[in-house]
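Down below is the structure, laid out as structure tokens.
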Amino acid sequence: MSDDWSPEAVDFVQSLADTKLMLSHWYADQAFLGPNMGDNIALFSMTQDEYGQVRQFYLQLDRQGRDEDWLRSERDTGNFYNAATTDGPAADWTEFEVKFGLTDRAALLLLDAIDHEDFTGLTDKMAEEEYSHTDFHDGWLEQLAAANPAAFQAALEDSLDDVLAFIGPAAYDEDTDPLYASGFTDRSVAELRDAFLDYLAGIVEGTDVDVPDTTEVPLESWNEERRRVAAGSIEPDVLETIRGSKNTEFAAE
Amino acid sequence: MNYEVFTRISAGDDLKHIGSVEAPADKLAKNYAKTTYDEEDWATMVLVRREDLVRVDAGRDERVEAGELV
């Protein structure tokens, strides 16, 4: 276990953890509402995968001085560094798949870029779990882009800039990305954004959906801790749910 | 669309019918099958669209219903 994480690396891992926490929450929230029973089974499974990964990230963060109790149950909504796409629920199944499916894919790209000894084996195991997530989401994204292009397009235009902001600003190339420069990741944000946009182009290929023009995020507008440009956060009722506040009297000391 | 799920645990075993899934497309059907029938480390898992099953016993409706398969 090392103690050489930069402050940016600690924030980066918290952002991954918090985004996965919220994906887990929204997967659970939707898990009886999938179009087919197979979707619900997949959603329960993905809920568990994401939550288990959150626990592993919290352990790592605790060792870096970001207290696990604070992460778990003592912070307020503004201290959650989740992707802006995961602040609230989706209005319908197409929006659910577009904003959460694409956020899940972006989180995998970020996770897979970590190149630090503290994550040896861990990120491989997580990526293995994530295979079933991308398999599931890609199946639905391809299906919905082909069958329901107008709704897909609208959801994509609502979500894409926030997903890209979660990956990071395009200005962070190999010369300027602090995580790449410190060796914490093996790919720059610019490379990860290109990989994500290539992936997205593949999803909508042959459909009536176009990948929208993306907005260049000025570095000064980008919140490095929360990996977003937009304001906003999870709602207080969601905070209460994910904290487990109602049952603290039964928690182990 | 309905799909029937066939598996074998070890190479050389017969393929056995273990269940079915309903999905809007082949890719999702494969995902549902893997997630739903994950109790074994299958050597082989294949899907057959129910509409592609060919009835062999004569004198009956060509169509195969899900309940006939288990």
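Couple of notes before you dig in:
- Residue within region B:38-45 that is assigned to a loop (DSSP other than H, G, I, E, B) and crowded, with 16+ Cβ neighbours inside 10 Å present: yes
- Some residue of region B:54-65 being under 29 Å from A:Leu144 (Cβ atoms) and either open to solvent by 80 Å² or more (accessible area, probe 1.4 Å) or not basic (Lys, Arg) (or both): no
- Pairs linking a residue in region A:43-61 that is within 17 Å of A:Arg243 (Cβ to Cβ) to a residue that is among the charged types (D, E, K, R) and assigned to a helix (DSSP H, G or I), with Cβ atoms under 7 Å and 6 or more positions apart or on different chains, are A:Glu50/A:Lys20; A:Val54/A:Lys20; A:Tyr58/A:Glu68; A:Tyr58/A:Arg72.
- Members of region A:51-70 that are outside any helix (DSSP H, G or I) and of a type in the set (Asp, Glu): A:Asp67
- Residue check, A:Val98 surrounded by fewer than 22 Cβ atoms within 10 Å (Cβ to Cβ), touching a helix residue (DSSP H, G or I) at 6+ places or on another chain (Cβ under 8 Å), modelled with pLDDT of 95 or more and away from every other protein chain (no Cβ under 14 Å): no
- Which listed residue is more than 22 Å from A:Leu160 (Cβ to Cβ) and either open to solvent by less than 50 Å² (accessible area, probe 1.4 Å) or without any contact (Cβ under 8 Å) to a residue 60 or more places away in the chain (or both), from A:Ser245, A:Ser221: A:Ser245
- All positions within region A:1-50 that are open to solvent by less than 20 Å² (accessible area, probe 1.4 Å), more than 14 Å from every other protein chain (Cβ to nearest Cβ) and part of a loop (DSSP other than H, G, I, E, B): A:Ser2
- A Cβ distance below 6 Å, combined with a sequence gap of six or more or placement on separate chains, defines the contacts here; from region A:106-129, residues that are free of Cβ contacts under 8 Å to residues at least 40 places away in the same chain reach residues that are β-branched (Val, Ile, Thr) in the pairs A:Thr123/A:Ile114.
- Condition check for B:Asp26: more than 21 Å from A:Ile41 (Cβ to Cβ), among the charged types (D, E, K, R) and either loosely packed, with under 15 Cβ neighbours inside 10 Å or at pLDDT below 95 (or both): no
The values are calculated or read from the model by the stated rules, or taken from the named source; none is laboratory data. Here the structure is a predicted model, which means the values were calculated and not measured. Ideal geometry is used to build each Cβ from the backbone, glycine not excepted, and the neighbour counts take in all protein chains shown. Note: areas computed on protein heavy atoms with side chains; ligands, DNA, RNA excluded. Shrake-Rupley method; radii C 1.70, N 1.55, O 1.52, S 1.80 Å.
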